[in-house]
Every structure is written in C-alpha cells, then in structure tokens.
Amino acid sequence: MSLLNTQRAIAFVATVNGGPNGVFLYDGVANTVSTVVLAGGSAGGGRTFCSFTSVALADSPPGSATTAFIGETQVDCSDTL
C-alpha cells in the first residue's frame, strides 16, 4: 500500500474474490475506488500482467495521482516454467 498523498489518495494491490487481482486507487475526497491495472490485462509487446508486488503513489504533477507499480508479466500467465 502506498502512503496517503496530498490529494488524499492511496494506491494498493488487492486480491479480488471472483475477479482479477490488480492495482487500485482509492480517492479519499470522492470516496471512490478505481482500477489502475488488472491481472490478465495487456502489458504490451504480447505480454500479460500476471501479478503485482508493490505500488507507489506520487503527487507529481501537483493535483495528480501518478501511480507506479511492480508487476510480473508473461506471454502466458498459466505457464509456470
């Protein structure tokens, strides 16, 4: 989980029952949660996001919620080799 930024936002990695895991953003002003990226989503180059391990949130530029995360990508997430 990230630290609370000046816009009262927190980014976090979550396991979702019945849905894909992912990185999400909580907006403390609007009291809403939005999706940043989901497992199974395209990572570009023919690769897919498979899992996520950490997340960070910045205030740059001011008034924004720039999110960074570390995730594993593979061509096929079910391939364990």
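For a quick check of your reading of the filter: which chymotrypsin sites (Phe, Trp or Tyr not before Pro) in the chain sit in a DSSP loop and have no more than 13 other Cβ atoms within 10 Å?
Answer in residue order: no site qualifies.
Note the direction-averaged projected area, equal to a quarter of the hull surface, for the Cα convex hull of the chain, in nm². Walk me through the intermediate numbers first.
Details: hull surface 24.0 nm².
It is 6.0 nm².
Pop out the ³J(HN,Hα) list for segment 40-57 in order, Karplus 6.51 cos²θ - 1.76 cosθ + 1.60 with θ = phi - 60°, rounded to Hz; leave Gly and Pro as x.
Calculated HN-Hα couplings, in order: x, x, 5, 9, x, x, x, 9, 10, 5, 10, 7, 9, 10, 7, 8, 9, 9 Hz.
Identify which of Thr53, Thr32, Thr66 has the largest mean-square fluctuation in a Gaussian network model of the chain, with springs joining Cα atoms closer than 10 Å.
Per the Cα network of the chain with a 10 Å cutoff, Thr32 tops the list.
For a quick check: with amide H placed at 1.01 Å from N, whose amide H comes under 5 Å from Ser51's, ignoring anything fewer than 5 positions away on the same chain?
Hits under the 5 Å cutoff: Glu72.
List every residue whose amide H lies under 5 Å from the amide H of Val37, counting only residues 5 or more places away in sequence or on a different chain, with H placed 1.01 Å from N in the peptide plane.
The answer is Val23.
In whole Hz, with x marking every Gly and Pro, tabulate ³J(HN,Hα) for segment 2-9 from phi via Karplus 6.51 cos²θ - 1.76 cosθ + 1.60, θ = phi - 60°.
7, 6, 5, 8, 5, 8, 6, 10
Keeping all protein chains in place, calculate the accessible area per residue for the chain (probe 1.4 angstrom), answer in Å².
Heavy-atom accessible area per residue stands at 63 Å².
The values are calculated or read from the model by the stated rules, or taken from the named source; none is laboratory data. Values in this document were obtained by computation on a predicted structure and should not be read as measured data. Here the Cβ is made from the backbone with ideal geometry for all residues, glycine too, and neighbour counts use every protein chain on show. Please note that ligands, DNA and RNA were not included when accessible areas were found on the heavy atoms of the full protein model with its side chains. Shrake-Rupley method; radii C 1.70, N 1.55, O 1.52, S 1.80 Å.
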